[in-house]
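So the structure is just underneath, and the comments pick up after that.
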Amino acid sequence: MTTSFWKTLAQPIIGLAPMDGVTDSAFRYIVATYGKPDIVFTEFTNVHDICAGRLKFLDSLRYSEVERPVIAQIYGKDPALFYQAAHVVCELGFDGLDINMGCPSKNVASSGSGAGLIRTPNLALELMEKTRNGIQDWADGQTLAEIGLKPSALQSIAQLKAEHPNLTEHQERSSIPLSVKTRLGFDCNIINEWSDCLIQGRPEVISMHGRTLSQMYKGQSDWEAIAQAATRIQQHGILAIGNGDIKSLTDAHQRIHNSGVNGVLIGRGALGNPWIFQEIEQVRKAFSTKSPLEITSLEPSLEEKFEAMIKHAECFETINGPHHFVRMRKHLGWYCSTFPHAAAMRVQMVRTNGTQDVKNILDAYLEAQKTSEASEFASIPA
Ligand SMILES: Cc1cc2nc3c(=O)[nH]c(=O)nc-3n(C[C@H](O)[C@H](O)[C@H](O)COP(=O)(O)O)c2cc1C
């Protein structure tokens, strides 16, 4: 029996929330470099795609060692595929496995996956059971070939695993913890009943975004509802994590204090702001010493932001090659949001095709800044 990494984490836990199309391996690497959240999740990955093993779809399960503990998030609705996908997640060396029961997007939820599972609690429990069985059977020595994955899938999974040579050589088979991330309900808040149901599936952690599916991202995350459910969840020895609208560690501290959750996940607050996790130790210190939160770090300077943008772009190209840079552009736009002349800079950033383009724009920006300062300086009467 191995100790779950969740049990070894200092509390409150402050993690990076999963965001499809955003929290890819390059972004998580940058976040780990500049701030180091306690945990990170991959973008959600469909169990069918995992089991089919096409490399293009497995991209979202790439990670680097610096991110650990790293949790693979999966979604779908077919219990047999969850059983197989659990084997793959274990084989790839993830620290944990999370089931998405909160995605509101039409093509996910309306097919009965993601937040659609809130309407089919028995299926949600069956998915948890099959996933847990998959994890345990893998830990007991069952191989991917034995569960019937196709040779082409075995090959691409082996290729992905080879990115972690230490794992390939030394991996011990041990079971990893199962967690669930969800919302308050489908079209109304039923988090108390819903969390009572999820508790029966015995996950180690339940993360809750304080909105219903119908709300999508409208209104505000309901932290009262999160607090109530957290108490019920914790009574069963399960960790309760809250999520929604946290934009700073000061917000995180206040939400944890008022709701009694074991931790929080930050999503949109980290866009263009990998520094947001920089002082999570200060949050823990405030709780352990029962003193006010003291955040000492300053807003990163323009130069520091430029350096991070270049590093992020380089990292993205190293991981993905030169042909997918279009997926990097939105991140560059987010970094610009606090710059003077942000709009003009953003327009240029969303046209970039590689790191060199980013460097050129930043150089031109600095040059223009110098010139305008010089002309302003020159216009001051002697
Ligand atoms: C662009 C985007 C993609 C998301 N993708 C996922 C996902 O793959 N899995 C998931 O559980 N939640 C996903 N979410 C929801 C977030 O994890 C989080 O619950 C939500 O954004 C609320 O937290 P925040 O206010 O800190 O952003 C996504 C959110 C956004 C904005």
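The condition (being touching a strand residue (DSSP E or B) at 6+ places or on another chain (Cβ under 6 Å) and buried (at least 20 other Cβ atoms within 10 Å of the Cβ)) is satisfied by just one residue among N273, N243: N243.
Out of all the residues in segment 147-163, is one or more touching a residue at least 12 places away in the same chain (Cβ under 8 Å), in contact with a helix residue (DSSP H, G or I) (Cβ under 6 Å, 6 or more places away or on another chain), in a helix (DSSP H, G or I) and under 18 Å from P79 (Cβ atoms)? The answer is no, given that none of the residues of segment 147-163 is touching a residue at least 12 places away in the same chain (Cβ under 8 Å), in contact with a helix residue (DSSP H, G or I) (Cβ under 6 Å, 6 or more places away or on another chain), in a helix (DSSP H, G or I) and under 18 Å from P79 (Cβ atoms). Criterion applied to K285, K330, K290, K359 was being among the charged types (D, E, K, R), on the phi > 0 side of the Ramachandran plot and either outside the structural domain of D38 (by TED's automatic domain parsing) or out of contact with any helix residue (DSSP H, G or I) (no Cβ under 8 Å at 6 or more places or on another chain) (or both), and the one residue passing it is K290. So for segment 363-382 (the condition being of a type in the set (S, T, Y), at negative phi and within 24 Å of the chain's Cα centre (by Cα)), does at least one residue qualify? No, the conditions are met nowhere in segment 363-382. Of all residues assigned to segment 184-193, none qualifies as being in contact (Cβ under 8 Å) with a residue 12 or more places away in the chain, away from the ligand (no atom under 16 Å from the Cβ) and either outside the structural domain of L239 (by TED's automatic domain parsing) or of a type in the set (F, W, Y) (or both). Can you tell me which residues in segment 294-312 are part of a helix (DSSP H, G or I) and not small (G, A, S)? Correct list: L302, E303, E304, K305, F306, E307, M309, I310, K311, H312.
Consider K359 carefully, then state whether it is surrounded by 13 or more Cβ atoms within 10 Å (Cβ to Cβ), closer than 27 Å to I13 by Cβ and not aromatic (F, W, Y). Here the answer is no, as K359 does not meet what is asked. State yes or no: is T131 crowded, with 18+ Cβ neighbours inside 10 Å and within 14 Å of the ligand (Cβ to nearest atom)? Judged against the criteria, T131 is not a match.
Looking for something acidic (D, E), assigned to a helix (DSSP H, G or I) and surrounded by 13 or more Cβ atoms within 10 Å (Cβ to Cβ) - is there at least one such residue anywhere in segment 313-322? The answer is yes, given that some residue of segment 313-322 is acidic (D, E), assigned to a helix (DSSP H, G or I) and surrounded by 13 or more Cβ atoms within 10 Å (Cβ to Cβ). Which residues, counting only those in segment 37-47, are of a type outside the set (S, T, N, Q) and either free of Cβ contacts under 8 Å to residues at least 24 places away in the same chain or in contact with a helix residue (DSSP H, G or I) (Cβ under 6 Å, 6 or more places away or on another chain) (or both)? The answer is P37, V40, E43, V47. Only residues that are small (G, A, S) and surrounded by fewer than 21 Cβ atoms within 10 Å (Cβ to Cβ): list them for segment 66-92, please. Scanning segment 66-92 gives a single hit, A80. Regarding segment 197-214, can at least one residue be identified that is without any contact (Cβ under 8 Å) to a residue 60 or more places away in the chain, under 30 Å from C336 (Cβ atoms) and assigned by TED's automatic domain parsing to the domain that holds A17? Yes, that holds for at least one residue.
Condition first: within 27 Å of K330 (Cβ to Cβ) and either aliphatic (A, V, I, L, M) or touching a Pro at 6+ places or on another chain (Cβ under 8 Å) (or both). Now tell me which residues in segment 271-303 satisfy that. Listed by number, the residues that qualify are L271, W275, I276, F277, I280, L298, L302. Confirm whether T212 is of a type in the set (S, T, Y) and in contact with a strand residue (DSSP E or B) (Cβ under 8 Å, 6 or more places away or on another chain). Yes.
The values are calculated or read from the model by the stated rules, or taken from the named source; none is laboratory data. Here the structure is a predicted model, which is why all the values come from computation and not from measurement. As a convention, Cβ positions derive from the backbone with ideal geometry for all residues, glycine included, and neighbour counts pool all protein chains shown.
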